[in-house]
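Novice: This is the structure I have questions about; it appears just below.
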């Protein structure tokens, strides 16, 4: 394994040490993750990014993002339609054919879906302050 003697800014050193501490808190042992191994991994990833800038990448990130948004939106719309249909079937099986009751139940189910999405978003994304 090669050896490099390099100097880094204090801020970069702190960030690397913070990453190592987070990995250790997440269960990694000090033999699995240390400053040297983390620097090696960060340099490897940096080289991949550097090389990808030089080469014309066949991967279209913007197109992929557009496609992802289309698919997610379509999936969400499909879930809403299925929720409405299942709610209506549920009420008809129970003998309720009132349009008001169907609207109420669909509204409750859609509200529950929206609240679940909001709760999941709070767990996985940073809050803007």
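Novice: If R0 is 25 Å, what FRET efficiency do you get for residue 119 and residue 32 from their C-beta distance, rounded to 0.05?
Specialist: Result of the calculation: an efficiency of 0.15.
Novice: How long are the semi-axes of the ellipsoid equivalent to the chain, from square roots of 5 times the Cα gyration tensor eigenvalues, in whole Å, largest first?
Specialist: Sorted largest first and rounded, they come to 51, 21, 12 Å.
Novice: Could you put 50, 7 in order, starting from the residue whose Cβ has the fewest other Cβ atoms within 10 Å?
Specialist: So the residues, fewest neighbours to most, are 7, 50.
Novice: Turning to a different aspect of this structure: Neighbour counts of other C-beta atoms within 10 Å: give me 3, 65 arranged from fewest to most.
Specialist: By the 10 Å Cβ count, ascending, the order reads 3, 65.
Novice: For residue 40 and residue 64, FRET efficiency with R0 = 35 Å and r from the beta-carbon atoms, rounded to 0.05?
Specialist: The value I calculate is 0.75.
Novice: Determine the gain in length on full extension of the stretch residue 80-residue 1; use 0.36 nm per residue of separation and subtract their C-alpha separation, reporting nm with one decimal.
Specialist: Result for the pair: 22.9 nm of gain on full extension.
Novice: Is it possible to state the helix-based mean residue ellipticity at 222 nm for the chain, with each DSSP H run of 4+ residues giving -39500 (n - 2.57), the sum divided by total residues, to the nearest 500 deg cm²/dmol? What is it?
Specialist: -26000 deg cm²/dmol
Novice: For the chain, what relative contact order do you get, as a whole percent, if you take Cα pairs closer than 8 Å and at least 6 residues apart?
Specialist: This gives 13 percent for the chain.
Novice: Between rounded, prolate and oblate, where does the range 7-79 land on the alpha carbon gyration tensor, with a ≥ b ≥ c its root eigenvalues, rounded for a/c under 1.5, else prolate if a/b exceeds b/c?
Specialist: oblate
Any read-out appearing in this document is the output of simple, stated calculations on the displayed coordinates, not a laboratory observation. Every value quoted in this text rests on a predicted model; they were computed, and no experiment measured them. Virtual Cβ from ideal backbone geometry, glycine too; neighbours counted across all protein chains shown.
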